[in-house]
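What follows draws every value from the coordinates through simple rules; no lab data is involved. All values derive from a computational prediction rather than experimental measurement. Don't worry about glycine lacking a Cβ; one is built from the backbone with ideal geometry, like all the others, and counts go over all protein chains shown.
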Amino acid sequence: MVDYHLVILVHGIWGNSSHLAYIEKQINENVKPRGDTRLLVHKTGSHSGYLTHDGIDVNGKRITDEIVEQTERITENGDTVTRFSIIGYSLGGLISRYAIGILQKQGYFNNIEPVNFVTFCTPHVGVSKPHTQNLSVRLYNNIAPHFLAITGSQFFLKDKIGEFNKPLLVWMADPKSAFYLALKSFKYKALYANVVNDKRCSWFTASISLTDPVNSSYNKLPQNIVAEYIKGYEPNVIDASKPFFYEKKSNEQTYDNSSPRGWFWKTLNWCKLIGTIAIYAPIMGLSFLVSSIYQRFRTSNRLRDFHNEKSNNLSHLYEYDETTSLLTGFTNKLEDEQDTIVEDMYGAMSWKVSHSSLNFPPITLDESQKYIVERLNGLGWKKYPVILRHTPSTHAGAIVRHADPNFDEGKVIVRHFIENVFKLE
């Protein structure tokens with residue numbers, strides 16, 4: 001009989017299992033279990049592409065079914081799963097948190113030890129942009145969710161969970177919920193967060209933070225960040241135990257938003273955004289709009305079928321647990337251009353401002369966001385701020401989502417994960 005350490009890899013929005021192929025390869029080649037224990041690494045695939053629009057909860061149930069299936073395959077051969085780890089990328093981190101809540105309710109961890117829970121670039125606090133006093137930001141926060149169907153409303157904390165009348169991500173951060181209790185049970189919890197240029201999943205949400213020491217909403221220049229790095233992984237993995245901050249260079253030009261130059265740069269950012277959309281509209285702009293509408297209809301049909309299955313009833317999870325305190329290359333190019341458009345959209349919403357390292361406009365989180373941050377931070381995460389300088393697509397580069405010479409720094413980050421974060425027991 002062989003003991004297995006089951007390792008689950010969960011991809012993000014619009015993604016597929018190939019996005020985590022590099023991490024899978026590094027685990028299989030460089031992590032060597034001792035004794036008779038074996039590793040089984042499984043990349044989930046039941047929530048690929050537009051299925052990610054169906055909601056964190058629905059996709060959490062889908063990958064739970066995959067986890068149970070993988071476990072049963074092992075036990076059918078007379079072997080056993082004794083340890084369990086899960087690594088989530090982007091939306092996959094939230095889906096993973098939901099899935100382990102279901103497993104907790106099912107008693108999965110009664111005889112299986114939860115070991116590693118790790119996220120890369122995961123928006124634990126949602127994706128709503130702070131600074132809601134800005135009209136452009138308010139428009140973005142209210143319009144963008146509609147393009148992502150059910151997941152969009154959950155991402156932007158605009159959904160409500162039944163009688164509790166609170167967003168799903170808030171419920172998942174409640175210390176009495178199954179999701180929180182399951183997360184708490186993992187022996188090791190760690191996260192990686194881009195410090196700058198991850199406009200899809202900015203620093204405050206990926207790092208579960210009330211503050212932004214480099215104000216990534218404004219700063220796009222990694223060379224302006226003063227930090228100490230973990231030895232052997234410099235200059236990409238920051239030592240979070242030491243202060244890191246933004247330091248304006250003497251030759252850097254910034255302008256107050258009330259000045260004529262400020263208005264000029266604001267207008268220029270909007271022109272850049274419109275130009276980017278116009279250039280790529282024949283390929284993805286109109287296609288994205290049409291497919292979003294079409295996929296919303298398909299989502300409704302899928303969810304109706306999903307909820308008609310009695311085994312998929314998730315209502316029991318919303319109860320307090322009182323018992324415990326060529327084609328591939330083209331696709332990759334489109335994904336990278338999506339990141340570029342998202343970045344340009346944020347750039348258009350942001351003002352060029354005059355500031356020093358100690359005079360940033362503070363980020364303003366709402367009460368739901370603050371609740372999530374405060375509760376999740378009670379779980380003892382190991383946090384690793386990271387910087388990628390060779391690509392603006394840092395969201396993809398941090399995990400080497402596909403082969404790209406500009407993602408070389410992501411290999412350093414994954415190596416740090418393999419050598420320092422992932423534990424066998």
Study note, to complete from the structure: Long-range amide H partners of Phe120, meaning residues 5 or more apart or on another chain whose placed amide H is closer than 5 Å, are Gly88, Tyr89, Ser90, Tyr192
Practice item. Report relative contact order for the stretch 56-131 in percent, whole number only (criteria: Cα-Cα under 8 Å, sequence separation at least 6). Key: 38 percent
Study note, to complete from the structure: Projecting the Cα atoms of Asn215, Leu169, Phe179 onto the charge dipole of the stretch 166-256, where Lys and Arg contribute +1 and Asp and Glu -1 at Cβ, the residue farthest towards the positive end is Phe179
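With Cβ to Cβ distances under 9 Å as the rule, what net charge do the other residues near Leu424 carry (K, R +1; D, E -1)?
Numbers: positive: Lys32, Arg34, Arg83, Lys423; negative: Glu425.
Cβ neighbours under 9 Å give a net charge of +3.
Quick check: net charge around Leu191, other residues with Cβ under 9 Å of its Cβ, Lys/Arg +1 and Asp/Glu -1?
Local charge sum for Leu191: +3.
Arrange the peptides 7-16, 173-182 so that the one whose residues have, on average, the most other Cβ atoms within 10 Å appears first. Display every interim value, and only then the final one.
Values: 7-16: 24.4, 173-182: 21.1.
Most protected by this proxy first, the peptides run 7-16, 173-182.
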Exercise for review: Go ahead and run the numbers for FRET between Met1 and Lys187, Cβ-Cβ distance against an R0 of 22 Å, rounding to 0.05.
Suggested key: 0.40
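With r defined as the distance between the Cβ atoms of Glu309 and Asn77 and R0 fixed at 30 Å, what FRET efficiency is calculated, to the nearest 0.05? Don't skip to the end; give the middle numbers.
Numbers: r = 28 Å, r/R0 = 0.94.
Efficiency for this residue pair is about 0.60.
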Point to revise | Phi-based couplings in Hz for the stretch 26-42 (Karplus 6.51, -1.76, 1.60; Gly and Pro marked x) | key: 5, 5, 5, 8, 10, 9, 10, x, 9, x, 8, 6, 10, 9, 10, 9, 10
Study note, to complete from the structure: For the Glu29, Asn165 Cβ pair and Förster radius 41 Å, calculated FRET efficiency rounded to 0.05 is 0.25
